[in-house]
Amino acid sequence: MSKLAAAAYLKPEELNESIITRIGNTPLIRMSSIDSAECPQVEIWAKAEWYNAGGSVKARPALRMIEQGEKQGLLKPGMTILDSTSGNTGIAYALIGLVKGYKVKLVMPGNICNERKQLMASRYHAQVVYSDPLQSSDGAILLAKEIYNENPDMYFWPDQYNNDENWKSHYHTTAPEIWEQTNKKVTHFLAGIGTSGTVMGVSRGLRRFNSEIKCYAVEPAESLHGIEGLKHMASSIVPGIYNESELDGKISVKTEEAYDMVNRLSEEESLNTGSSSGAAIAAAVKLGKTLSEGLIVTIMPDSCECDFTHGVFLND
Ligand code: PMP
């Protein structure tokens with residue numbers, strides 16, 4: 001069939017301007033096997049964020065930070081988008097940059113997985129600068145700041161850890177989606193903390209609909225951990241957008257608990273998720289066991305590509 005004939009089958013509303021219109025409106029999936037086995041009195045649901053263009057939850061804030069930068073006149077044609085990232089925001093910046101015609105420079109800890117390195121550099125043509133792997137995401141934050149300060153006119157630096165547009169992306173999109181998709185029945189929300197944009201934005205957004213909703217951050221139990229994209233706050237630079245006092249608490253998850261849950265999600269729910277999704281569902285189960293009823297919602301930030309490199313699947 002010719003391209004023209006195929007296009008004729010598409011209705012006008014299905015013809016999208018570009019791939020970036022495929023950001024948001026992700027599916028909400030019930031963890032029915034796991035919740036009925038572990039905490040049958042509650043339901044656990046999770047947003048499958050790998051359905052976003054770019055493959056992760058970070059497409060939402062990346063798009064909003066870039067578009068607000070354009071609106072505010074901070075990002076102009078010819079400038080380079082620069083930021084530190086543990087990977088997912090970088091992929092989103094690179095993809096959006098390509099669509100909108102901006103160069104992208106990403107600062108990432110040297111130990112991020114090969115799949116991400118290849119995707120960003122070879123496929124999306126982003127320039128990647130590696131920071132000291134031992135300093136983790138904090139090393140990348142400091143190096144990005146240094147690069148920006150050397151040449152501020154050349155760069156648009158969204159600074160995702162301190163940019164209100166990060167959490168607002170979730171306030172305006174993820175939260176209303178959850179509210180509608182649960183038929184207004186969500187009672188508890190929890191999400192892992194990296195920049196904290198997801199947990200702060202969704203919590204504020206959901207409480208706008210119902211101030212009784214309880215909201216929690218999910219945190220790695222140890223400072224040295226293997227949960228991709230999450231921060232152990234006590235031993236890290238605390239993001240400017242994080243405000244712990246607004247939350248109802250934090251739930252700690254050990255690396256092995258997250259990895260075990262990744263394997264269970266694959267075997268029992270047929271979902272191939274990244275390790276931070278494992279941490280989120282493990283935390284949801286911990287919370288579910290303390291409740292007599294409720295509808296818990298969490299976020300599955302990405303799928304599993306990196307975990308093949310890091311060996312999550314080697315333990316079964
Ligand atoms: N999981 C993964 C895989 C991530 O890449 C990130 C972002 N670093 C998060 C969770 C945390 O999201 P946020 O930055 O919104 O706290």
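The values are calculated or read from the model by the stated rules, or taken from the named source; none is laboratory data. This structure is a prediction, so every number in the text was calculated from the model and none was measured. Virtual Cβ from ideal backbone geometry, glycine too; neighbours counted across all protein chains shown. Side chains are part of the model used for accessible areas, which takes the heavy atoms of the whole protein and leaves out ligands, DNA and RNA. Shrake-Rupley method; radii C 1.70, N 1.55, O 1.52, S 1.80 Å.
Annotations
- Those helices (runs of 4 or more DSSP H) lying entirely in the stretch 17-121 with at least 3 residues among the charged types (D, E, K, R): 59-71, 114-118
- Residue ID - nearest to the ligand (Cβ to nearest atom), chosen from residues in the stretch 44-72 that are open to solvent by 30 Å² or more (accessible area, probe 1.4 Å) and more than 13 Å from the chain's Cα centre (by Cα): R64
- Just so you know, in the stretch 240-265 the residues that are part of a helix (DSSP H, G or I) and of a type in the set (V, I, T) include one that is most open to solvent (accessible area, probe 1.4 Å), and it is T255.
- Condition broken by V42, with the remaining ones in (1) touching a strand residue (DSSP E or B) at 6+ places or on another chain (Cβ under 9 Å); (2) closer than 20 Å to G197 by Cβ satisfied: (2)
- Residue list for the stretch 233-272, restricted to those being under 18 Å from V202 (Cβ atoms) and among the charged types (D, E, K, R): E244, E246, D248, K250
- Top-ranked residue in the stretch 105-127 [being of a type in the set (A, V, I, L, M, F, W, C) and within 19 Å of the chain's Cα centre (by Cα); ranked as most open to solvent (accessible area, probe 1.4 Å)]: L119
- Residues of the stretch 266-275 classified as within 14 Å of the ligand (Cβ to nearest atom) and open to solvent by less than 40 Å² (accessible area, probe 1.4 Å), total: 3
Here's the yes/no breakdown for (1) more than 13 Å from the ligand (Cβ to nearest atom); (2) not assigned by TED's automatic domain parsing to the domain that holds I81:
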| site | (1), (2) |
| --- | --- |
| S137 | no, no |
| L142 | yes, no |
| K145 | yes, no |
| P152 | yes, no |
| T173 | no, yes |
| W179 | yes, yes |
| T182 | yes, yes |
| H188 | yes, yes |
| M200 | no, yes |
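- Yes/no for E165 being more than 17 Å from the chain's Cα centre (by Cα) and closer than 22 Å to T21 by Cα: no
- Looking only at residues in the stretch 219-239 that are closer than 13 Å to G197 by Cα and open to solvent by less than 60 Å² (accessible area, probe 1.4 Å), the one that is nearest to the ligand (Cβ to nearest atom) is G229.
- Residue check for T89: among the β-branched types (V, I, T) and either on the phi > 0 side of the Ramachandran plot or surrounded by fewer than 20 Cβ atoms within 10 Å (Cβ to Cβ) (or both): no
- Taking the stretch 24-39 as the range and being in contact (Cβ under 8 Å) with a residue 60 or more places away in the chain and either open to solvent by less than 10 Å² (accessible area, probe 1.4 Å) or under 26 Å from T195 (Cα atoms) (or both) as the test, the residues that pass are G24, N25, T26, L28, I29, M31, I34, D35, C39.
- Within the stretch 240-251, the set of residues being more than 15 Å from the ligand (Cβ to nearest atom) and touching a residue at least 12 places away in the same chain (Cβ under 8 Å) comprises D248, G249.
- Applying the condition of being assigned to a helix (DSSP H, G or I) and more than 16 Å from the ligand (Cβ to nearest atom) to the stretch 202-218 and asking which residue is farthest from P61 (Cα to Cα) yields F209.
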